[in-house]
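Novice: Next up is a structure, given as structure tokens.
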Amino acid sequence: MTIPQFLSDLLALLFDLAVPAAVCSSGWVTAIEAAFRNFVSDVLIANIVPVFAAFFVLKAALDATQGHSPLGSIVTAIFLLSASSTVQLMQGFNSGSQFATTDMLASLWNYLSGTILPEAAGLAVAGAIINFARQRPVMPLVYSALAFLSVSGIWKLVQAMVRG
């Protein structure tokens, strides 16, 4: 995703050269980036990933008919089918600047703490309700939900402390 920016930063650190722009002007780096991008989008995402997802759906059906839990195969198939959306999301996080790698990592962290973890907290609360109805331990799920919800608040506190 950030190969040109990463390589230009790496070359600047190793050789102590001033990098004039965020875009690397070397033809071979551009060719490597284009080949990698085409391979990921045209071969992996478009062709191989749906075949593997279909395999895991079939495996889930076979597991269910044999009396085993199909949950692992179903989760794997859902994960594989969401790969193209994840690639598009990460491409949207790429700023194209000299600091594209750090910008992408910061954006991924913000997405995790602001979107994924609150949803995980909701699932933990739902699991706690189900466990309460079944008279099973509830508090580990409640603690997990509180931890998931407090991550973004603690992160904002850390940022405020660093800025002074």
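Novice: Take R163 and W28, extend 7 Å from each Cα along the Cα→Cβ direction, and tell me the distance between the two endpoints in nm.
Specialist: Roughly 4.4 nm, to one decimal.
Novice: I need the chymotrypsin sites (Phe, Trp or Tyr not before Pro) found in segment 74-112, filtered to DSSP loop residues with at most 16 other beta carbons within 10 Å of theirs.
Specialist: F99
Novice: Could you tell me how far the Cα centroid of segment 24-58 sits from the Cα centroid of segment 83-105, in Å?
Specialist: 16 Å
Novice: Quick check: pseudo-label points 7 Å beyond the Cα along Cα→Cβ at L105 and S82, how many nm apart are they?
Specialist: 2.3 nm
Novice: Between R37 and Q135, 0.36 nm times their residue separation minus their Cα-Cα distance comes to what? It would help to have the intermediate numbers written out before the result.
Specialist: Numbers: separation 98, 0.36 × 98 = 35.28 nm, distance 5.11 nm.
In short, 30.2 nm is gained.
Novice: With a cut-off of 8 Å between alpha carbons and a minimum separation of six or more residues, what is the relative contact order of segment 99-164 in percent?
Specialist: On the way: 33 pairs, mean separation 21.3, N = 66.
Computed value for segment 99-164: 32 percent relative contact order.
Each reported figure results from applying straightforward, stated rules to the coordinates on display, with no laboratory input. Since we're looking at a predicted model, the values are computed, not measured. Positions of Cβ are backbone-derived with ideal geometry, glycine not excepted, and every protein chain shown enters the neighbour counts.
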